[in-house]
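Scroll down for the structure; my scribbles are underneath it.
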Ligand code: HEC
């Protein structure tokens, strides 16, 4: 009996840990089953779905910028928002080659991607100049391009980004 009790506890602990981990990494296996990157390709290939790209790379780097600019950075602290802005500028390039949805093949999509990339590059420049007031303006302009794209294509969570403002 005592042994069964110990096993019961062990199974319960296992389940709790398992469920916690499952909750932590819900996206990767289930969502990406349709994407099979061509490992021989010598051009960029799609590896993750667009919503995961947004969550993992856009949103995370966006938070770097927001946190980095919460107050005027001093010295090397300018690096944190710069890393975020540079990463968003680069990763926005990938949106040109997305084909998950039909609207991603339209001129409007291309224009929205260009606007996002330009805003991220302008933010990079103002961060390199270590100009706080200008960087805050460029940061707001970048958020506007995020929201403009989400709104234009009526994406499912267009307001998610606004809470960062
Ligand atoms: C050119 C269009 C475009 C731009 C610019 C853009 N996004 Fe997105 N975003 C999308 C698309 C498309 C989706 C919806 C993906 C889906 O659900 O398939 C999305 C969804 C999201 C989501 C929700 C992801 C989820 O499923 O939980 C977040 C968060 C997000 N974007 C953050 C950002 C941030 C931050 C920026 C700006 C720095 C940004 N996006 C700029 C197209 C864009």
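Just so you know, all these numbers are worked out from the coordinates, no wet-lab data involved. Predicted, not measured: the structure shown is a model, and the values here were computed from it. Don't worry about glycine lacking a Cβ; one is built from the backbone with ideal geometry, like all the others, and counts go over all protein chains shown.
Just a few scattered comments:
- The convex hull defined by the C-alpha atoms of region 50-164 has an orientation-averaged projected area of 6.3 nm².
- Exposure proxy shown here: for 138, 77, the number of other Cβ atoms within 10 Å sets the order, fewest to most, as 77, 138.
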